[in-house]
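In what follows, a single structure is set out as structure tokens and then discussed.
Derivation of every value follows stated rules applied to the coordinates shown; laboratory data play no part. Predicted, not measured: the structure shown is a model, and the values here were computed from it. No Cβ is skipped: glycine too gets one built from the backbone with ideal geometry, and neighbour counts run over all protein chains shown.
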Amino acid sequence: EQYKYFTATNNPIAVTFATELMQWLDVLQNESTRINWDYHVLYQTRVSFCESHLLLRLEMSYLLGEHDKSLNFIEMLDEVIKDSNIRPERPYYYFYKALVFSKEAERLTNKREKGKYEREIKRCMRALHKYAKCGPDNYEHLYMLLEALKYRSQCKPDKAMLYFDRAI
């Protein structure tokens, strides 16, 4: 229904994003659908459009368990957003970046490398916490989930369970 709305507007930016979104829905619904990680981003020179597409790909790569792709999209997003204005979807960038980096930190044994990821996770959590304080209905559950994962990784199951419950 929304796809029909976007295509009816004849706005090429809206149509491009809606088309990519429909492709991802198809991937989720049909195991045989080929994934196109390099779907063309219209108006790549406009940071906001590029950020939206890359964030969608980060979310999908995480949900589909494509860890290397997730790391790649984080790297690309870091470049795109470093000099851009804050966008409404930015909290999701911090959330997914922290999730991906948590997985990466869990698998590492080198303390220096692990510490690098853990510092970045803390930075993401601080940023997300600001959004959670300003818009708790929209973002607090994301922050609570990251807190729960933090306590789970610290082998504090009681605290982790408390935050998992809060996130739900």
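Couple of notes before you dig in:
- Straight Cα distances below 13 angstrom link residue 114 to the aspartates and glutamates 104, 106, with same-chain residues fewer than 8 positions distant left out.
- Residue-by-residue Karplus 3J(HN,Hα) for the stretch 157-168, coefficients 6.51, -1.76, 1.60, Hz, glycine and proline x: x, 5, 5, 4, 4, 4, 6, 4, 4, 5, 5, 6
- As a size descriptor, the averaged projected area of the C-alpha convex hull of the stretch 16-100 was calculated at 5.4 nm².
- Environment charge at residue 20 (Cβ cut-off 13 Å; Lys +1, Arg +1, Asp -1, Glu -1): -2
- Radius of gyration and Dmax over the Cα atoms of the stretch 76-168, both given in Å: 13.6, 40
- 222 nm mean residue ellipticity, helices alone, for the chain (DSSP H n ≥ 4; -39,500 (n - 2.57); rounded to 500): -25500 deg cm²/dmol
- In terms of its C-alpha gyration tensor, the stretch 114-168 has an oblate overall shape, because the principal axis ratio a/c (a ≥ b ≥ c, square roots of the eigenvalues) is not below 1.5 and a/b does not outweigh b/c.
- Rounded to whole numbers, the Karplus 3J(HN,Hα) couplings from phi for the stretch 59-73 are 4, 5, 5, 5, 5, 8, x, 8, 4, 5, 5, 4, 4, 5, 5 Hz, using 6.51 cos²θ - 1.76 cosθ + 1.60 with θ = phi - 60°, and x at Gly and Pro.
- Environment charge of residue 122, counting only residues whose C-beta is closer than 12 Å and scoring Lys/Arg +1, Asp/Glu -1: +3
- Identified option (computed volume of the Cα convex hull per residue in Å³; candidates (i) 93; (ii) 146; (iii) 134): (ii)
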